[in-house]
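What follows is a single structure, written as structure tokens, with notes after it.
The values are calculated or read from the model by the stated rules, or taken from the named source; none is laboratory data. The structure displayed is predicted, hence computed values, not measured ones. In this analysis, Cβ positions are derived from the backbone assuming ideal geometry, glycine residues included, and neighbour counts consider all displayed protein chains. Accessible surface is based on the protein model in full, side chains and every heavy atom, while ligands, DNA and RNA are left aside. Shrake-Rupley method; radii C 1.70, N 1.55, O 1.52, S 1.80 Å.
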Amino acid sequence: MNIQVEFCGEWFDVSDGQTFQIGREGDLEIDDNPYLHRRFLTISQHEDLWWLENVGSRISATVADSDGNMQAWLAPGARLPLVFAHTSVLFTAGPTTYELGIVGDSPSFEAASPGSTQVGETTIGPVSMTDSQKLLIISLAEPVLRGRGSTASIPTSAQAAARLGWAITRFNRKLDNVCEKLARFGVRGLRGAPGQLAVNRRARLVEHAVASRLVVAADLELLEANAEKAAAGAGGEAEN
């Protein structure tokens, strides 16, 4: 299978026998972001399969097929076979979230269109979100949804709350509820840990929501409708 990598509209060919390096330095220089590893991901061929490996030490990546039906969390030291025609890779370094695509011309796996999303070893069925919970996710994912295939900065909780016209206490309470709900369905990286920065949870939520198509660009209309409703003095989006 021939492999190409796409980032911000630029295409890179990966040659047979090559170890393609992605990071602050390498064959694909993502950014000079000091939070990004010099060598973060590699693509290499072993026994007739191409593999994506996380060679970093701190950052994880969210990896999914183009339809969001299959998803995995690629932690430091882990690797996954590249078996889809198109693989989306999202990761966050500091305040910035990046997205790149990996394309193969002869995939060894073609997924059907199930009504559930595979995350690691756990099957996640359709997750029911209230209107306000979905608005919260869209408000955090807005920069990524507007700039698919490039880079984006995840809003702070205060910025997202202001975008929705909510008090920060309401936003944080609903963020806790959304993360807890998805964690119960097997989504990793959403439960806080001692010493973990708050941005990690928000970034992981955005990565999962975008990769699994829990929210899509068309949902941005909901944000605009909510803003218009608030501006018209309707009291903003109703509590769910």
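Here segment 131-237 exposes an accessible surface that is 53 percent carbon and sulfur, computed with a 1.4 Å probe and the other protein chains kept in place.
Among the protein heavy atoms, those of Trp73 account for about 70 Å² of accessible surface (1.4 Å probe, every chain in place).
Computed over protein heavy atoms with a 1.4 Å probe, the carbon and sulfur contribution to the accessible area of segment 3-104 reaches 45%. The residues Val216, Val14, sorted by heavy-atom accessible surface at 1.4 Å with ligands and nucleic acids left out, run Val216, Val14 from largest to smallest.
Under 5 Å between amide hydrogens, built in the peptide plane, is the criterion, and for Leu52 it picks out Leu80, Leu82 among residues at least 5 positions away or on other chains. Here the spin labels are modelled as points 7 Å beyond Cα on the Cα-Cβ line, and at Ser153 and Ser128 they lie 3.9 nm apart. Could you give the accessible area per residue of segment 46-108, probe 1.4 Å, as a whole number in Å²? Value returned for segment 46-108: 38 Å² of accessible area per residue. Each peptide in 21-27, 221-227 receives the mean, over its residues, of other Cβ atoms within 10 Å, and ordering these scores from highest gives 21-27, 221-227. Available extension along the chain between Arg58 and Ser106 is 14.1 nm, counting 0.36 nm per residue and deducting the alpha carbon span. When +1 charges are put on Lys and Arg Cβ atoms and -1 charges on Asp and Glu Cβ atoms, the dipole computed for segment 131-237 relative to its Cα centre reaches about 460 debye. Centre-to-centre separation between the Cα atoms of segment 148-186 and those of segment 24-51: 29 Å. Applying 1/(1 + (r/R0)^6) with r as the Cβ-Cβ distance of Asn2 and Arg191 and R0 = 30 angstrom yields a FRET efficiency of 0.15. Computed from phi, the 3J(HN,Hα) profile of segment 27-32 under the Karplus parametrisation 6.51, -1.76, 1.60 (θ = phi - 60°) reads 5, 10, 8, 5, 5, 8 Hz, with x in place of Gly and Pro.
Assign one of three labels to segment 3-104, namely rounded, prolate or oblate, based on the Cα gyration tensor with a ≥ b ≥ c the square roots of its eigenvalues; rounded applies when a/c is under 1.5, prolate when it is not and a/b is larger than b/c, and oblate otherwise. In terms of gyration-tensor shape, rounded. The listed peptides 128-139, 161-172, ordered by packing as a protection proxy, come out as 128-139, 161-172 (highest mean of other Cβ atoms within 10 Å first). Under 13 Å from a label point set 7 Å out along the Cα-to-Cβ vector of Arg79, the amide N atoms of segment 31-45 belong to 41-45. On full extension, the segment bounded by Phe12 and Arg39 gains 8.0 nm, given 0.36 nm per residue less the C-alpha separation. Computed about its Cα centre, the charge dipole of segment 3-104 is approximately 480 debye, with only Lys, Arg, Asp and Glu carrying charge at their Cβ. Listed values for segment 98-103 are Karplus-derived 3J(HN,Hα) couplings in whole Hz (6.51 cos²θ - 1.76 cosθ + 1.60, θ = phi - 60°), namely 10, 9, 9, x, 10, 10, and x replaces Gly and Pro.
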